[in-house]
Amino acid sequence: MAYKIQIYQPSLDGNEKKYVNECLDSSWISSRGEFISKFENEFRKFISVEHATAVSNGTVALHLALVTLGIGNGDEVIVPSFTYIASVSTISMTGATPVFVDSIEETWQIDPNDVRRKITPKTKAIMAVHLYGHPCEMDELVKISKEYNIFLIEDCAEAFGSIYNGKHVGTFGDLATFSFYGNKTITTGEGGMIVTNDETLYDRAYHLKMHGLAKYREYWHDTIGFNYRMTNICAAIGLAQLENAKDKISKKRKVAELYNEALKNLPVKHHGEKKNVFHSYWMYSILVESPSVRDSLRDFLKAEGIETRPTFFPVHTMPMFSQKYQKLPVAEYLGWHGINLPSYPDLKKDQIEFIADKIAKFFKK
């Protein structure tokens with residue numbers, strides 16, 4: 001159906017067309033061209049990290065990060081069950097085993113206490129996923145990774161611009177990844193980025209994303225690599241998006257403030273913000289009292305022309321990962337009770353009030 005209010009719309013009101021036309025005029029439309037390095041350098045400076053390399057999407061960024069760290073058969077990677085499937089499927093793609101942990105009810109993020117309980121001699125890495133724009137408890141996760149001498153990967157697909165204790169997410173782990181899909185805070189259509197403060201890891205990731213091409217010998221490949229490169233056109237869009245990134249993040253936080261006010265007297269609980277973090281509110285998400293209420297409310301809003309999405313279903317309950325029964329109560333609660341409401345930067349106050357009015361009518365039925 002054609003929604004009156006979509007769940008997300010990209011904001012393309014900057015130099016996107018200008019830069020893309022420069023690509024077309026120069027004929028540099030593939031994986032070479034000046035916009036790739038410009039985008040990488042400006043992104044690196046924006047989050048204050050030493051190295052950044054652009055890739056074709058956020059999922060391959062995760063896979064490349066794992067492979068760069070040498071993760072493979074026989075290894076275990078700790079990951080929250082309450083996450084998008086790519087965080088987990090990329091672990092399986094390497095031959096490693098995902099080990100699921102629960103989440104913190106207050107923040108919806110990976111539970112460091114459960115991480116400690118799940119560490120074994122096979123644990124090679126922890127994947128911290130900053131869900132819906134709220135940072136994980138990075139001080140504790142860094143402490144655990146150092147204590148056990150295991151890698152820390154940050155999945156920042158939903159958290160561009162989020163800050164923990166004064167530092168951008170993506171600057172705490174050995175490697176971090178970002179997604180620039182069409183519904184992300186900044187977009188390239190499809191695209192991703194790997195960032196790190198470790199030059200050796202950067203060189204490895206770059207080498208692998210370029211088909212394992214040797215650095216000093218033309219068309220000589222010294223390892224099996226991948227074609228995970230970003231196009232110059234995507235990078236051109238990304239650079240234009242990055243120029244207006246602070247404004248987009250500010251608008252998204254304003255959207256969250258307006259929702260908080262409009263929904264404050266209704267029986268819903270919103271995804272809040274801890275004092276030591278800056279929540280970028282990739283999505284504005286709420287919890288309701290039961291799964292049946294969640295589904296009924298979504299159907300009601302759909303009939304009113306308002307698009308919503310459920311929060312992520314816990315991955316440990318999906319068929320390919322559910323052979324070993326386990327109970328992760330917080331992840332399951334969040335997965336069965338949550339709704340994502342329309343959350344794009346240019347959402348207007350009257351639209352938010354319209355959505356809130358419809359939610360209020362639903363609960364008065």
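Laboratory data are not the source of any read-out in this text; all were calculated from the coordinates shown. As the structure is a prediction and not an experimental result, all values here were calculated from the model. Glycine also receives a Cβ, built like all others from the backbone with ideal geometry; neighbour counts cover every protein chain displayed.
Please name whichever of Met210, Val277, Met193 sits farthest to the positive end of the charge dipole of the chain, dipole taken about the Cα centre and charges placed at Cβ: Lys and Arg +1, Asp and Glu -1.
About the Cα centre, the residue reaching furthest to the positive side is Val277.
Counting other Cβ atoms within 10 Å of each Cβ, which chymotrypsin sites (Phe, Trp or Tyr not before Pro) in the stretch 1-86 have at most 15 and sit in a DSSP loop? Present the calculation step by step, with values, prior to reporting the outcome.
Numbers: sites: Tyr3, Tyr8, Tyr19, Trp28, Phe35, Phe39, Phe43, Phe46, Phe82, Tyr84; in loops: Tyr3, Tyr8, Trp28, Phe82, Tyr84.
Taking the stretch 1-86 and a limit of 15 other Cβ atoms within 10 Å, the loop chymotrypsin sites (Phe, Trp or Tyr not before Pro) found are Tyr3.
Could you line up Thr177, Thr90, Thr120 from fewest to most neighbouring Cβ atoms inside 10 Å? Provide the component values of the computation, followed by the final result.
Numbers: Thr177 31, Thr90 28, Thr120 9.
So the residues, fewest neighbours to most, are Thr120, Thr90, Thr177.
Loop only by DSSP, 14 or fewer other Cβ within 10 Å of the Cβ. Give me the GluC sites (Glu not before Pro) in the stretch 257-365 that pass, ordered by residue number.
On the way: sites: Glu257, Glu261, Glu273, Glu289, Glu304, Glu307, Glu332, Glu353; in loops: Glu273, Glu289, Glu304, Glu307.
Answer in residue order: Glu289.
Taking the alpha-carbon set of the stretch 245-364, what are its Rg and Dmax in Å?
15.5, 48
If you rank Leu239, Leu12, Leu287 by fewest surrounding Cβ atoms within 10 Å, what's the result?
Details: Leu239 24, Leu12 13, Leu287 18.
Ascending number of Cβ neighbours within 10 Å: Leu12, Leu287, Leu239.
Could you please state, rounded to a whole Å, how far the C-alpha centre of the stretch 4-41 is from the C-alpha centre of the stretch 130-194?
The two parts, judged by their Cα centres, are 23 Å apart.
If you add up the charges near Val142, with Lys and Arg at +1 and Asp and Glu at -1, over every other residue whose beta carbon is less than 12 angstrom from its beta carbon, what do you get? Show your work: numbers first, answer last.
Working: positive: Lys143, Lys146, Lys167; negative: Glu137, Asp139, Glu140, Glu147, Glu154, Asp174.
In short, -3.
Could you list which residues have their amide H under 5 Å from that of Ile150, counting only those 5 or more apart in sequence or on another chain, with H placed in the peptide plane?
none
What does the charge count around Leu258 come to, taking other residues whose C-beta lies under 12 Å from its C-beta (Lys +1, Arg +1, Asp -1, Glu -1)? List each step's numbers first, then the result.
Values: positive: Lys251, Lys252, Arg253, Lys254, Lys264, Lys348, Lys349; negative: Glu257, Glu261, Asp350, Glu353.
Around Leu258, the charge tally is +3.
Taking K and R as +1 and D and E as -1, what net charge do the other residues with C-beta under 10 Å from the C-beta of Thr177 add up to? Before the final figure, lay out each step's value.
On the way: positive: none; negative: Glu154, Asp155.
Taking every other residue near Thr177 into account, the sum is -2.
How large is the dipole of the chain about the Cα centre if only Lys and Arg carry +1 and Asp and Glu carry -1, each at its Cβ, rounded to the nearest 20 debye? Don't skip to the answer; put the middle values down first.
On the way: 43 positive and 44 negative charges, 115 e Å.
It comes to approximately 560 debye.
Arrange the following residues from fewest to most other Cβ atoms within 10 Å of their Cβ: Met318, Met193, Met138, Met93.
Details: Met318 12, Met193 27, Met138 23, Met93 15.
Going from sparsest to densest Cβ surroundings: Met318, Met93, Met138, Met193.
Step by step: find N for the stretch 308-365, compute 2.2 N^0.38 Å, then divide the Cα radius of gyration by it. What's the final number? Walk me through the numbers on the way to the answer.
Working: Rg = 16.2 Å, N = 58, 2.2 N^0.38 = 10.3 Å.
Scaled against compact globular proteins, the figure is 1.57.
Scan the stretch 299-357 for chymotrypsin sites (Phe, Trp or Tyr not before Pro) in coil per DSSP, keeping those whose Cβ has at most 15 other Cβ atoms within 10 Å, and list them by number. Walk me through the numbers before you get to the answer.
Values: sites: Phe300, Phe312, Phe321, Tyr325, Tyr333, Trp336, Phe354; in loops: Phe312, Tyr325.
Sites meeting the loop and neighbour criteria: Tyr325.
Considering every pair of different Cα atoms, what Kirkwood radius, in Å, is found for the chain? Can you show the working numbers first?
On the way: mean 1/r = 0.0473 Å⁻¹.
Computed over the chain, the radius equals 21.2 Å.
Based on Cβ point charges of +1 for Lys and Arg and -1 for Asp and Glu, what charge dipole magnitude is obtained for the stretch 245-364 about its Cα centre, in debye rounded to the nearest 20? Write down the numbers at each step before the final one.
On the way: 21 positive and 14 negative charges, 73 e Å.
Its charge dipole is roughly 340 debye.
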